[in-house]
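What follows is a short report on a single structure.
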Amino acid sequence: MKPSRCVLPAVLSLGALLAVAAPGQAQPTTQPALVAAYGSLADAIVGTKAAEKQLVLAILAATHEQAAVVETRARAALQSGGAATADLQTLAALVSQLATEGDAAVGAVRKRLLEQGHHHHSSGEQQGVYEEGYVVVTREAKKALMAAATEIGKLATAPGASGVAGLDAQWQAVEGLYGHLTSGGQH
């Protein structure tokens with residue numbers, strides 16, 4: 001991560017405050033106040049990572065809440081023989097957003113963070129557990145959520161005899177994945 005322009009001069013001027021030992025004296029040490037300041041900065045950086053996770057969880061919760069409302073409406077329409085196409089399409093889009101930790105606007109923020117070298121799970125990305133920049137949703141969960149979104153989208157075009165049963169099966173899968181991911185588990 002590159003230091004900002006306003007932080008770099010301050011850091012360089014702090015270097016002048018280091019104790020310098022005369023020849024034959026013990027090695028110089030960094031002043032405790034500087035070590036404490038650096039420790040505070042480390043706490044802030046680590047805290048930012050935790051805050052990022054909480055924000056992504058909030059994005060997922062809001063998306064899930066919207067999806068649950070739309071799912072209920074689609075189910076009622078299917079049960080009554082009414083038109084559910086728009087609700088099923090919306091539901092498929094919301095499930096896709098769960099899979100991608102948000103919509104395109106959130107993706108743009110993720111891209112900006114990645115361009116600046118921020119990776120929430122860099123080792124998890126290297127191991128193939130997470131897609132680049134993802135915070136909560138694993139590759140495996142993303143794949144399963146995208147599959148559910150596809151199946152829900154198919155119901156929008158031809159619910160057929162599987163209407164409510166098909167929606168039930170896909171929504172149960174979504175609920176299971178969402179619950180697992182938001183409880184701190186990996187899928």
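Some observations on this one:
- Within the range 7-26, the set of residues being out of contact with any helix residue (DSSP H, G or I) (no Cβ under 8 Å at 6 or more places or on another chain), modelled with pLDDT under 50 and not in a helix (DSSP H, G or I) comprises 16, 19.
- Which numbered condition residue 53 fails, given (1) charged (D, E, K, R); (2) touching a residue at least 60 places away in the same chain (Cβ under 8 Å); (3) more than 23 Å from residue 177 (Cβ to Cβ): (3)
- Checked against the criterion of being farther than 21 Å from residue 179 by Cα and of a type in the set (Asp, Glu), the candidates 132, 140, 151 yield just one match: 132.
- Residue match in the range 63-73 (condition: at pLDDT 95 or above and among the small types (Gly, Ala, Ser)): yes
- Condition met for residue 3 (part of a helix (DSSP H, G or I), at pLDDT below 90, surrounded by 10 or more Cβ atoms within 10 Å (Cβ to Cβ) and of a type outside the set (A, V, I, L, M, F, W, C)): no
- Some residue of the range 116-129 being closer than 24 Å to residue 90 by Cβ and surrounded by 16 or more Cβ atoms within 10 Å (Cβ to Cβ): no
- Selected residue (only one of 181, 177 is surrounded by 14 or more Cβ atoms within 10 Å (Cβ to Cβ) and farther than 26 Å from residue 84 by Cβ): 181
- Residue within the range 139-151 that is of a type in the set (Gly, Ala, Ser), within 24 Å of the chain's Cα centre (by Cα) and under 15 Å from residue 57 (Cα atoms) present: yes
- The range 30-39, residues that are surrounded by 12 or more Cβ atoms within 10 Å (Cβ to Cβ) and either aromatic (Phe, Trp, Tyr) or in a helix (DSSP H, G or I) (or both): 34, 37, 38
Residues are listed down the side, and each one gets a yes or a no for (1) exposed (fewer than 11 other Cβ atoms within 10 Å of the Cβ); (2) touching a Phe, Trp or Tyr at 6+ places or on another chain (Cβ under 8 Å); (3) at pLDDT 90 or above:
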| position | (1), (2), (3) |
| --- | --- |
| 28 | no, no, no |
| 41 | no, no, yes |
| 84 | no, no, yes |
| 88 | no, no, yes |
| 105 | yes, no, yes |
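- Enumerated helices (runs of 4 or more DSSP H) restricted to the range 85-167, each holding at least 1 residues that are over 19 Å from residue 55 (Cβ atoms), touching a residue at least 24 places away in the same chain (Cβ under 8 Å) and not hydrophobic (A, V, I, L, M, F, W, C): 85-99, 139-157
- Close pairs from the range 59-74: first closer than 19 Å to residue 166 by Cα and surrounded by fewer than 21 Cβ atoms within 10 Å (Cβ to Cβ), partner at pLDDT below 95 and of a type in the set (A, V, I, L, M), Cβ under 9 Å, at least 6 apart: 73/84
The values are calculated or read from the model by the stated rules, or taken from the named source; none is laboratory data. Given the structure is predicted, the values throughout are model-derived calculations rather than measurements. Neighbour counts run over all protein chains shown; Cβ positions are idealised from the backbone, glycine included.
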